[in-house]
Amino acid sequence: MTMVFIKLFDELGSSDIDQAGGKGANLGELTRAGLSVPAGFVVVTGAYRAYVDEHQLGDKITTLAAAGDDPAGYDNASAEIRALFADEVSEALRSEIGDAYAALGEGVPVAVRSSATAEDLPEASFAGQQDTYLNVRGPGDLLVAVRDCWASLWTARAMAYRARQDIDPATVSLAVVVQQMVDAELAGVMFTANPSNGRRDETVISAAWGLGESVVSGSVNTDNIVVRTPDGAILSSETADKTVMTVYAEQRTQELPVPIDQRNRQVLSESEAAELAEYGTRIENHFGAPQDIEWARADGRFWILQARPITVLPAVEAPTPTDWTVPEPTAMYVRASIVEQLPDPLSPLFADMIDGAVTRSLQALFGEVVGEDVIRDSDVGLPTVNGYAYYRYGRAGMGRLMWKSPKAFRALLGGGSLNGQRRWRNYSHPKYRRIVSDWTARDLTQMTTEQLLAGVQELVDAAAEYYTAVQTVIPVAATSEILLTRFYEAVVRTEDDPPAQVFVLGFDSQPIRAEKSLYDLATWTRNQRELAESLLALPPQEFLEKLATSEDPVWREWHTRFQAHLSTYGHTVYNLDFMNPVPADDPVPLLETVRFFVSGKGVDPYVRQQRSAARREEATAAVLARLDPVRGKPFGRMLHWAQGVAPVREDALADVGLGWPQVRRMLLEIGNRLQRAGVIDEPNEVFWLHRTEVDEGLGSLADQVEQRKQVWRGQRRATPPQLLPKGSWGDMFRKWMPAASEEQTGDVIKGIGGSAGTITAPARVLGGPQDFGQMQPGDVLVASITTPAWTSLFAMASGVVTDIGGPLSHSSIVAREYGIPAVLGTAVATRRIHSGQLIKVDGDAGTVTLGGQAEEVQPTAPATRPRRLIMAGAAGAAAGAALTAWLVRRRSRSRN
């Protein structure tokens, strides 16, 4: 008879998604392509719609689905909707399903799987959103499973997923796949492209004993094999301790212990893995895209159970480097100072331009401060090892630096024109601004590529010189806080007194002013109802596009205010490599903070600052009032010194990228020219060229650019050692490094306490501004570093954890202002912690514990004991080797 509600697999193809769903259509394609697919059929979407119409469920479902706008709402709506699918199916459908099932064989066990019309597509994978029922036997059991699959279209997770994908609930329907089960001896999943590194020439296979359900659900450890697809060679093979397996039960399936002799036995041989990878290649070639495949093996034969496109595949990356051999074994290579603003491997063009600029800036500073030619070209540089920037110090050069550092430090601390703070304010900052202003005023289109490139180098040199000047401010600020803290803890503080950090909080600085600027914009926005609703409802990029074209005077006013913020603060860098856009180039991350404030969340930064300032003044008055002159006078002087330089540190650091918007404009102008000449495919690929290649204007470099990107992605997965080479004379500085060991393992990650207090909350690991939209209020911010451009996220964070930094770094200073705990310099946090994972951040102990119970965010508790302060680096700019190392050496003596 003619089937209305049933389609056999060999009757279906890719054009039948509307009636068979993604899973059913794909199984039809596989069957018709001659792959070994267990027989089966699909209960088409028309059957679902007929059932909904017959029982008049449509309006009820739509109304209930619209009510679920949060986890609890979706749970309640799901329970009510699923209860609507309890009635029997029509006689016509019962008959068709019964006939199709009988054709498979009497009482044959089948798998019953949901197949949604929007699932298993290249742009959206709904895998796991609806239900699957295994080992279904008999017509009655099958009808119940079909109804349960229909109902699973309305699970809470499926409704929430569709809402995130902006899919209208009224448009969805469900097909049901009924497939004969094979009595699998072993099974698993296969990816025809490597989901870890994106390589399209590698097939990744996971395998376990028994049915594949335990592999798909993740309830069993699997053997993992990587096959090089072109020739079937095994690139890696890991055999797991497989403790459980899924097998048939009298009803459905059950998990049983794996027999002892199979637990550590390899599931697939190398030849079987290569054979399976060939199936994967056939399937990928048929569909024209990398595939996620479920497979099983029974009676010596492979069976293909499902295939779907891999919807999220990372860009291709080269292997992660493990060899950290340095080009000059007798030198010391250190990741400190300016390197803390460079957490990722460098782009080739930036690496070429920054190396000599750093050397020249240090030579100029020491020549001015010491009056001698202290630094030679061979003494110091900023080369890369596996793409990561390192300060390189020759032994003789380091000796000269440390010998001259006391003289340099006296000059920078003195009262003359070379005073670090005064020199930054009166000379370095104005000079940098003048150079940037001069280049910003020029017409780039009238300049040759050679002139543009020379201008970029001039601006990079100016930025390096400015950063070197900043590094004369930071050690002074650090010294003032260290001395204040040591004196306060030793001879001033009583049991009831607050921690020393209270005396340097509540001051204004550029990062705080930037936050207040965004808060002001949000406050104004809240009074413009339609604008505020659009800002909260539209994706950030769509909002900006609408903003650019709107003629509404309110929208134009918002645009003017936002541009004013960007012109003042838009040059702050997320990462000092000029390959990375600054907020002026890409303001989308800032919109997340504005939206946060517009929604009424967060603390008023004015109020927070006023509270900190009031507490500071109250504590200052109370302590000075009870101190005798012997203690009061030196404490007062130290207090005045520390409070005078504390805000300057953040002001100075925030302007390092002052020239970067213009640098990027100039390089992108070059990039446009190279694109038109056919050298590169996109203007922003100019950053992936070496300077000589830009100068020479070679032929197409598209292949080289792609190879460099792949190498960079692989390098980015590495954890660069702080000090190289190991076992050299430079090891004497290792104990002064601000970060913990990059080799630490276990559930407790050690770092440096940067801000007191304890919190347990979900982690949010952010690689850069492109991830800022993932941040949720109450998350712990986990990042390689945070610069002043990251400050806006602190309003949402319950704590901060970084790979790089110390208690006097930007992350620490801002975390204290916000009253949230911070653990810095862990070296491994971004690689050991994953987003959503509960972690405990203990800013007093300087530890991060993986796992735990979530708790309410608590304000920072006053420290009840002295907190050890560690200078950030034994090397750096502006005597980042010399001045800082001198201070550390002095402090080391005082401890002994």
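The values are calculated or read from the model by the stated rules, or taken from the named source; none is laboratory data. Worth saying up front: this structure is predicted, and the values here are computed from it rather than measured. Methodologically, a virtual Cβ is constructed for each residue, glycine included, from the backbone with ideal geometry; neighbour enumeration extends over all protein chains shown. Just so you know, the surface numbers come from the protein's heavy atoms only, side chains and all, with ligands and any DNA or RNA stripped out. Shrake-Rupley method; radii C 1.70, N 1.55, O 1.52, S 1.80 Å.
Scan the range 142-156 for residues that are assigned to a helix (DSSP H, G or I) and open to solvent by less than 50 Å² (accessible area, probe 1.4 Å) and jot them down. Of everything in the range 142-156, those that are assigned to a helix (DSSP H, G or I) and open to solvent by less than 50 Å² (accessible area, probe 1.4 Å) turn out to be LEU142, LEU143, ALA145, VAL146, ARG147, CYS149, TRP150, ALA151, SER152, LEU153, TRP154, ALA156. All of (1) part of a loop (DSSP other than H, G, I, E, B); (2) of a type in the set (Gly, Ala, Ser); (3) open to solvent by less than 20 Å² (accessible area, probe 1.4 Å); (4) modelled with pLDDT under 90 hold for SER741 with one exception: (3). Within the range 333-343, the presence of at least one residue that is farther than 30 Å from ARG410 by Cα and either of a type in the set (A, V, I, L, M) or crowded, with 20+ Cβ neighbours inside 10 Å (or both) is confirmed. Set side by side, the residues VAL267, VAL226 differ, and just one is touching an Asp or Glu at 6+ places or on another chain (Cβ under 6 Å), within 17 Å of VAL215 (Cα to Cα) and outside any strand (DSSP E or B), which is VAL267.
Quick one: in the range 675-689, of everything that is open to solvent by 70 Å² or more (accessible area, probe 1.4 Å) and of a type outside the set (D, E, K, R), which residue is nearest to VAL828 (Cα to Cα)?
ASN684
Looking at this structure, is ALA66 open to solvent by 20 Å² or more (accessible area, probe 1.4 Å) and either modelled with pLDDT of 90 or more or out of contact with any Cys (no Cβ under 6 Å at 6 or more places or on another chain) (or both)?
So ALA66 fits the description; yes.
Filter the range 793-845 for residues that are open to solvent by 10 Å² or more (accessible area, probe 1.4 Å) and of a type in the set (Ser, Thr, Tyr); which is nearest to LEU590 (Cα to Cα)? By that ranking, first place goes to TYR818. Residues of the range 159-180 that are among the hydrophobic types (A, V, I, L, M, F, W, C), open to solvent by less than 30 Å² (accessible area, probe 1.4 Å) and touching a residue at least 60 places away in the same chain (Cβ under 8 Å): MET159, ALA160, LEU174, ALA175, VAL176, VAL177, VAL178.
Consider the range 436-467. How many of its residues are open to solvent by 30 Å² or more (accessible area, probe 1.4 Å), in contact (Cβ under 8 Å) with a residue 60 or more places away in the chain and either closer than 20 Å to ASP355 by Cα or outside any helix (DSSP H, G or I) (or both)?
Number of matching residues: 3.
For a quick check of your reading of the model, give me the residue pairs whose first member lies in the range 237-249 and is in contact (Cβ under 8 Å) with a residue 12 or more places away in the chain, whose second is open to solvent by less than 40 Å² (accessible area, probe 1.4 Å) and among the polar types (S, T, N, Q), with beta-carbon atoms closer than 6 Å and at least 6 apart or on different chains. As it stands, the answer is ALA240/THR222; THR246/SER214; TYR248/ASN135, since those pairs meet every condition given.
Is it the case, given these coordinates, that ALA100 is of a type in the set (A, V, I, L, M), over 26 Å from LEU276 (Cβ atoms) and in contact with a strand residue (DSSP E or B) (Cβ under 6 Å, 6 or more places away or on another chain)?
Here the answer is yes, as ALA100 does meet what is asked.
Residues that are touching a Gly at 6+ places or on another chain (Cβ under 6 Å) and among the hydroxyl-bearing types (Ser, Thr, Tyr) were ranked within the range 331-364; the one that is nearest to PHE687 (Cα to Cα) is THR359.
Restricting the range 527-563 to residues that are among the polar types (S, T, N, Q) and more than 17 Å from PRO587 (Cβ to Cβ) leaves a set whose member that is least open to solvent (accessible area, probe 1.4 Å) is GLN528. Residues of the range 468-504 that are part of a loop (DSSP other than H, G, I, E, B) and buried (at least 21 other Cβ atoms within 10 Å of the Cβ): PRO499 alone.
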